[in-house]
Each structure stands twice: as structure tokens, then as C-alpha cells.
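Computed from the coordinates by the stated procedures, all read-outs in this text should not be read as laboratory data. Treat the numbers as computed from the prediction; the structure is a model and nothing was measured. When we count neighbours, we look across all protein chains shown, and the Cβ atoms used for this are built from the backbone with ideal geometry, even at glycine.
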Amino acid sequence: MLKNVLLERDIYASEEHKMMQEMIRDFIHNEVIDHTDEWEKHGMVSRDIWKRAGELGLLCMDMPVEYGGSGLDFSFNALLIEEMAKEGISGPGFSLHSDIVAPYILKYGTEDQKQKYLPKMALGDIITSIGMTEPNCGSDLKAITTSAVDHGDHYLVNGQKTFITNGYMSDMSIVAVKTNIGTEKEGVSLLIMESAYEGFEKGVPFKKIGMKAQDTCELFFDNVKVPKENLLGKEGLGFKIMMTELARERLSVALNAIGGAEGAIEKTIAYTSTRTAFKKPIAGFQNTQFKLAECATKLQIHQTFIDRCSHLLQEHRLTAESASMAKYSATELHSQVVDECLQLFGGYGYIWDYPIARMYADNRVARIYAGTNEIMKLLIARGLFKELFQKTRAKENKS
């Protein structure tokens, strides 16, 4: 098996990590896997699984204890992401809730906002989402049109968001809006919006190629009255905040990718060791051995890089370029590995009852969300040619 050839990962080597890993695996096998078919049928998971995850302390693990978290570091969040991915579990959107929404509130929220939302998030009492993408703009967040007009003690919000993970089940969403439209102060701001607000509507969950148990939908805002105290951070700084926090989001996607790749290889080793063809196990053929050896080698290289990125994140030194490299390279690897592994399952690999089929369908979107891989290459290139871009912008501004 893989553990016989892969290096032990220092990031998960402590006794605390090993105990947490055992608890997470028990949680997945005893309380998650058996519900997958039901969740896929309904297009969403149950609220019970969120509550259970909260009870076990699996949500917002790196949040401070005073806000309901466990006071652990990011590596424990990373461990949960990978363990879920190894088993092909894509339904519960725990990572978006804990690794994207919670840090936004912790870093940029007021004390009242932190006290109001973070403890409930850690317990699974509320489910959260983030509203960035719009029907007419994907990765170009500056082009959003959802508006928030200042009405003194509140904003009046109108617009639409799409492809929102946890959207249908969410009780609260951090929504990117345009403020001060048509003025010199026009910019992107972030608002905390509760789904109970009048005029806040949710679309029917999308029917997707994969990730069928994870609800994804549109959000509609029709004259939604949002109190001024729900502004997250300062007005007009939303784009800067999002660019800063996207590094963690993209690393989370990369962690999911290497976890999924590891799970696919493990399941393929087990299958090919017992499935026979021409009177011997499929694993006995050199092609099988070479394909899995290639996959394991690429996984080892990516694990080392992603672990380094995780350390840098904890030290607040993970750059946008490194996060983009991690997201781009790991999701490409994931797709390649799952494709190779499915081939070794033969016809059974195309049957939904086999985990490899779900993995194949689920992983494809990772090269699209959190910024397409084409955008990741652009961000990396901008870092490589930073001086050239700066000179070009200076010339454009002069003209």
C-alpha cells in the first residue's frame, strides 16, 4: 500500500494529529459514507451531519477557543480536507464554511460580528456560504454588478450570485457587492447577509455532473435591507480582502486534490490486487504496476510541495503565486491520477456504485472553481513578469 512507499509527512506526525485522523476516519465510515446515496438523491446533505461535525469539534478547528473553535492550527483543517477527499466525500461543504467564511469574519469582522456568528458556525448551528461569482462574470471579480445602495443606517442590495456552494442550505452568506456606484469611491465591499432577510431568495440546486450531494445554487437579492453593522471590513476594500484570502481557499482546493489522488490510488491498488484477468491479478501486469508507480511518484512530489505551502500559510507567508501553483498543479494531478485509476478498473470504473466513478465525476470542477486553472497560470505569470506589467500599467496611465 501507499504508506509503504510514501514518506511520512511531518505536518501530520504528532500524536494529536494521529488521534484526530482516527476520529475523522471513524466519523466518515460510521456517519457519512452510508448516507451518500440519499444525499445525492436530494442534492444536499442533512443538517444533522453538520451538527454532528460541530459536536465532534470538526468545524472551525483553527478558530480561537473564545469564539467556539478548538484553538488548533491549520494543519488540522488540512487533515480533515484530505481524509474526506480520500474517501471521495464531496457532500458536506465543511471546508468552505471553516476555511473560507470563518477566516473572513475572524480577520475582518467586528467583535460583535465574531461573537454573533463564529460560535454558531463552530457548532454547526448555522451553515454558511460565500457569494462572489455572478452569471456574467466568473473569475473577474471586479466586474460584479450586484449593488448595495447606501440608505443611511442600511444598504439596499439588488443582484444575483451563481454557483454558490452550500447556497441552498446556507443561513448566512458573505456577499461581494458594488458600493458607491458612479462615484470616485466606487468599489467592491463585503456584506454579511442572512438568508432570513426579506428579498433574499435561493434558486433550485443545480443538477451537476459530479458533487451531486453538495448543494450548489443561485442567490437572488431583491431590495434586501442589510444593516450597516453587517459591513465586513471597510467599505470599498472587499476586492483587496478577497485577493488576500483567496490564497487559503486555493490551498484548500489543492489539499482536497492530493487527498483525492491518494484515495484513488489506494482504492485502485486494492481493486487490482484482487480482480483477475487471464488467470492472474490485474496488479500482476507490468502496465498496472508502472501506471500506479507513476501516480504514486507524482503524488509524493505534490504532497511535499503542498505541505510546504501549509506551513507557509500558518506563518502568514503563503504568496498568491505559490497558492496558484498549488491549486493549478494539484488539481491537474488529481484529474490525471483518477483517469488512470478508472482505466485500471475497466468497465466497473464507469459504474456509479464504485467510488472511482464518483471521484472521476467529482474532481473535474476543481480545475474551474476558486479561479480557473487558466487564471492561476495568469497569476503565476504576472509574478514572473511583475516589472514588465508595472511598466505597462504606468504607460497606460500616462496615455
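Compute the Rg/Rh shape ratio of the stretch 2-126: radius of gyration over Kirkwood radius, all on alpha-carbon atoms.
Numbers: Rg = 15.1 Å, Rh = 15.3 Å.
Rounded to two decimals, Rg/Rh equals 0.99.
Placing +1 at every Lys and Arg Cβ and -1 at every Asp and Glu Cβ, with all other atoms neutral, what dipole size does the stretch 2-126 have around its Cα centre, in debye to the nearest 20?
It comes to approximately 280 debye.
Along the positive direction of the dipole of the chain (beta-carbon charges: Lys, Arg +1; Asp, Glu -1; about the Cα centre), which of MET44, THR244, ASN230 reaches farthest?
THR244
By how many degrees, 0 to 90 and rounded to 10, does the Cα axis of helix 386-398 deviate from the longest principal axis of the chain?
Here the helix axis deviates by roughly 30 degrees.
If you take the C-alpha gyration tensor of the stretch 210-345, multiply each eigenvalue by 5 and take the square root, what semi-axes do you get, largest first, in whole Å?
Over the Cα atoms of the stretch 210-345, the semi-axes work out to 41, 20, 9 Å.
Let me spell out the model: positive unit charges on the Cβ of Lys and Arg, negative unit charges on the Cβ of Asp and Glu, origin at the Cα centre of the chain. What dipole size does that give, in debye rounded to 20?
That gives the chain a dipole magnitude of about 1400 debye.
May I ask which residue of ALA270, LEU191, VAL204 lies farthest towards the positive end of the charge dipole of the chain, with charges of +1 (Lys, Arg) and -1 (Asp, Glu) on Cβ and the Cα centre as origin?
Value computed over the given set: ALA270.
By what distance, in whole Å, do the Cα atoms of the stretch 331-379 stretch along each of the three principal axes, largest value first?
The principal-axis extents, from largest down, are 39, 16, 10 Å.
Against the longest principal axis of the chain, how steep is helix 15-31, in degrees 0 to 90 to the nearest 10, with axes from Cα atoms?
It works out to around 90 degrees.
Please report how far the C-alpha centroid of the stretch 57-79 lies from that of the stretch 113-182, rounded to the nearest whole angstrom.
Between the Cα centres of the stretch 57-79 and the stretch 113-182 lies a distance of 24 Å.
Summing -39500 (n - 2.57) over the DSSP H runs of n ≥ 4 in the chain and dividing by its residue number, what mean residue ellipticity at 222 nm do you reach, to the nearest 500 deg cm²/dmol?
Details: 12 runs with 191 residues, N = 399.
Rounded to the nearest 500, it is -16000 deg cm²/dmol.
In nm, give the distance between the simple-model label positions of PHE305 and GLU396, each being 7 Å from the Cα along the Cα-to-Cβ direction.
Placing both labels 7 Å beyond Cα along the Cβ direction yields 2.8 nm.
Given the chain, report the % of alpha carbon pairs whose separation exceeds 27 Å.
It works out to 52 percent of all Cα pairs.
Just subtract the alpha-carbon distance of ASN4 and ARG317 from 0.36 nm times their residue separation and send over the number in nm, one decimal.
109.4 nm
Residue farthest toward the positive end of the dipole of the chain, with Cβ of Lys/Arg at +1 and Asp/Glu at -1: which of ILE258, PRO119, THR297?
THR297
Along Cα→Cβ, 7 Å out, is where each label goes; now give me the distance between the ones at ASP34 and ASP353 in nm to one decimal.
1.9
About the Cα centre, and with charges only on the beta carbon of Lys, Arg (+1) and Asp, Glu (-1), how big is the dipole of the stretch 240-390? Nearest 20 debye, please.
140
Could you tell me which of the pairs LYS114/LYS212; LYS120/LYS161; LYS142/LYS395; LYS142/LYS386; LYS228/LYS386; LYS327/LYS395 are separated by over 27 angstrom between their Cα atoms in the structure shown?
Going by Cα-Cα distance, LYS114/LYS212; LYS228/LYS386; LYS327/LYS395 fall outside the 27 Å limit.
What angle, in degrees between 0 and 90 and rounded to the nearest 10, separates the Cα long axis of helix 74-86 from the longest principal axis of the Cα atoms of the chain?
So the helix axis and the longest Cα principal axis differ by about 50 degrees.
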